[in-house]
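Participant: Structure below; questions to follow.
The values are calculated or read from the model by the stated rules, or taken from the named source; none is laboratory data. The shown structure was predicted, so the numbers you read here are calculated from the model rather than taken from an experiment. Every residue, glycine as well, gets a Cβ built from its backbone with ideal geometry; the counts of neighbours run over all protein chains shown.
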Amino acid sequence: MARDICVVVTARPSYSRIKTAVRAIEDQQDLNLQLVIGASALLHRYGDTIDYIERDGFNISARVYMVIEGENPIASAKSTGLGLVELTTIFDNLKPDVVITIADRYETLATAVAASYMNVPVAHVQGGEVTGSIDEKVRHAVTKLSNLHFVATQKAAERVERMGEDPDAVFVTGCPSIDLAASILNSPDLDFDPFSKYGGVGGTFDLSEDYLVVMQHPVTTEYENALFQVTETLHAVHETGIPTFWFWPNVDAGSDGTSKGIRVFREENHSAKMHFYRNMSPEDFLRLVYNSRVVVGNSSVGIRECSYLGVPVVNIGSRQEGRERGTNVMDVPDDRVSILAAIRHQVDHGHYPRETIYGDGKAGERIADLLARVPLSFEKRLTY
């Protein structure tokens with residue numbers, strides 16, 4: 001009998017982190033895909049991720065609206081509670097055999113708590129990693145709520161086992177986001193016009209020129225400094241004179257400060273060679289990244305996908321502190337002088353050798369295969 005696998009996608013990065021596994025689950029004859037989309041993945045201001053999911057041909061089993069406005073710790077805590085309530089109803093309706101939750105966001109925690117209390121086995125993707133801030137606490141809490149652990153690296157597997165998890169339930173699959181990075185290397189050219197295809201706001205420029213890509217999110221434990229931090233990055237990037245594609249922050253505590261900093265800078269610097277986007281399809285985004293001179297900011301894209309692609313990265317601040325990284329990453333504090341110097345260094349250096357720290361491009365297939373054959377902790381007939 002085919003197993004019903006419920007995948008919960010709640011944010012723009014979550015989709016790129018799980019897309020190839022979702023496709024492999026859909027293609028696996030012993031599995032039935034149940035796809036739940038929620039939180040910021042449903043919202044226009046954070047990039048209409050659900051539109052890209054539907055364009056990729058996936059059927060949506062349920063939608064969960066759970067984001068409370070505020071972009072502060074109180075709103076994040078309340079959104080977690082609302083997600084717990086709403087996801088419980090969805091799981092009761094769908095009656096999955098396994099629920100997949102991704103990474104370290106507050107929605108990930110709500111997903112794991114709801115499924116665990118309903119005796120539905122939880123499969124956690126990207127557990128065992130170290131980053132500091134509240135994200136690490138959430139990730140480790142989800143590990144303890146999970147029954148299956150699909151980790152990206154051997155070190156992550158060792159951490160999960162040291163937390164007391166059964167080694168037979170811990171699998172080094174690699175990260176599905178690396179699958180996408182591997183796929184675009186088959187046709188890496190920037191074969192689309194980002195200005196006409198995705199709109200955005202800001203100045204346009206010749207795509208044959210060098211350009212930067214920036215993704216900077218607020219640090220949840222430093223959310224009150226988000227405006228200052230993004231302003232330092234904006235001025236450093238502007239001073240390089242290099243055209244830049246800049247992507248909007250995630251829906252985290254402090255994102256209103258990050259957004260405000262971008263808007264104020266944009267109003268005061270109309271001639272800046274910067275173009276701002278909410279979102280792109282994962283594949284187009286990675287082609288844009290691959291063809292850039294440097295990726296700047298604090299997104300895990302710089303740590304994960306860019307290590308595989310060999311793209312130079314300037315990683316700013318503490319958001320990725322402790323995470324395994326490749327030789328392509330240069331770490332700097334949140335000040336414009338350091339950021340500017342690091343960008344210039346990385347531009348001069350150029351691409352780095354490709355590294356496979358986070359996988360070899362086959363994670364999605366491995367995850368689907370494991371979901372079809374590993375023993376589960378609970379039987380569906382005993383769950384409800």
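Participant: Among all residue pairs at least 6 apart or on different chains, which show Cβ distances below 6 Å where the first residue, located in the stretch 271-284, is closer than 11 Å to Trp246 by Cβ and in contact (Cβ under 8 Å) with a residue 12 or more places away in the chain and the second is among the hydrophobic types (A, V, I, L, M, F, W, C) and crowded, with 18+ Cβ neighbours inside 10 Å?
Facilitator: Met274/Trp246; His275/Phe245; Phe276/Trp246; Tyr277/Phe247; Arg278/Trp248
Participant: Right, another one. Restricting attention to the stretch 230-248, does a residue exist that is assigned by TED's automatic domain parsing to the domain that holds Leu288, in contact with an Asp or Glu (Cβ under 9 Å, 6 or more places away or on another chain), among the polar types (S, T, N, Q) and not in a strand (DSSP E or B)?
Facilitator: yes
Participant: Let me ask something else about it. Which of the numbered conditions does Val295 fail, given that it passes all the others? Conditions: (1) free of Cβ contacts under 8 Å to residues at least 24 places away in the same chain; (2) touching a Gly at 6+ places or on another chain (Cβ under 7 Å).
Facilitator: Status for Val295: all satisfied but (1).
Participant: Considering each of Ala123, Ala141 in turn, give the residue that is aliphatic (A, V, I, L, M) and surrounded by fewer than 20 Cβ atoms within 10 Å (Cβ to Cβ).
Facilitator: Answer to the selection: Ala141.
Participant: Scan the stretch 305-325 and give yes if some residue there is touching a helix residue (DSSP H, G or I) at 6+ places or on another chain (Cβ under 9 Å), free of Cβ contacts under 8 Å to residues at least 24 places away in the same chain and among the polar types (S, T, N, Q), otherwise no.
Facilitator: Yes, there is a match, as at least one residue in the stretch 305-325 is touching a helix residue (DSSP H, G or I) at 6+ places or on another chain (Cβ under 9 Å), free of Cβ contacts under 8 Å to residues at least 24 places away in the same chain and among the polar types (S, T, N, Q).
Participant: How many residues are closer than 24 Å to Asn119 by Cβ and not in a helix (DSSP H, G or I) when one looks only at the stretch 137-188?
Facilitator: Qualifying residue count for the region: 12.
Participant: Which residues, counting only those in the stretch 74-127, are farther than 25 Å from Gly254 by Cα and in contact with a His (Cβ under 7 Å, 6 or more places away or on another chain)?
Facilitator: His124
Participant: Something else now. Residue under question is Thr101, and the condition is that it be under 23 Å from Arg3 (Cα atoms) and surrounded by fewer than 15 Cβ atoms within 10 Å (Cβ to Cβ); does it hold? Write out each step before concluding.
Facilitator: Working: under 23 Å from Arg3 (Cα atoms): yes; surrounded by fewer than 15 Cβ atoms within 10 Å (Cβ to Cβ): no.
When the stated conditions are applied, Thr101 does not pass them.
Participant: On to the next question. Which residues, counting only those in the stretch 207-229, are over 17 Å from Val296 (Cβ atoms) and either without any contact (Cβ under 8 Å) to a residue 24 or more places away in the chain or hydroxyl-bearing (Ser, Thr, Tyr) (or both)?
Facilitator: Leu207, Ser208, Thr220, Thr221, Tyr223
Participant: Out of the residues in the stretch 26-60 that are part of a helix (DSSP H, G or I) and of a type in the set (Asp, Glu), state the one that is nearest to Met280 (Cα to Cα).
Facilitator: Once the filter is applied, the top-ranked residue is Asp51.
Participant: Can you pull out the residues in the stretch 269-315 that are part of a strand (DSSP E or B) and in contact with an Asp or Glu (Cβ under 6 Å, 6 or more places away or on another chain)?
Facilitator: Asn315
Participant: Take the residues in the stretch 70-117 that are among the acidic types (Asp, Glu), modelled with pLDDT of 95 or more and in a helix (DSSP H, G or I); name whichever of them is nearest to the chain's Cα centre (by Cα).
Facilitator: So, considering only residues that are among the acidic types (Asp, Glu), modelled with pLDDT of 95 or more and in a helix (DSSP H, G or I), the one nearest to the chain's Cα centre (by Cα) is Glu86.
Participant: Can we say Gly241 is surrounded by fewer than 17 Cβ atoms within 10 Å (Cβ to Cβ) and either in contact with a helix residue (DSSP H, G or I) (Cβ under 8 Å, 6 or more places away or on another chain) or at pLDDT below 95 (or both)?
Facilitator: no
Participant: Which pairs turn up if I take residues in the stretch 74-102 that are among the hydroxyl-bearing types (Ser, Thr, Tyr) and look for partners that are part of a strand (DSSP E or B) and surrounded by 15 or more Cβ atoms within 10 Å (Cβ to Cβ) with beta carbon separation below 8 Å, at least 6 apart in sequence or on another chain?
Facilitator: Thr101/Val8; Thr101/Val122; Thr101/Ala123; Thr101/His124; Thr101/Val125
Participant: Against the definition (assigned to a loop (DSSP other than H, G, I, E, B), farther than 29 Å from Pro353 by Cα and at pLDDT below 95), how does Ser318 come out, yes or no?
Facilitator: no
Participant: Right, something else. Just name the residue that is nearest to His349 (Cα to Cα) out of those in the stretch 301-335 that are surrounded by fewer than 24 Cβ atoms within 10 Å (Cβ to Cβ) and polar (S, T, N, Q).
Facilitator: Checking each candidate, the answer is Thr327.
Participant: May I pose another question? For the stretch 22-64, which positions are more than 18 Å from Thr111 (Cα to Cα) and small (Gly, Ala, Ser)?
Facilitator: Ala24, Gly47, Gly57
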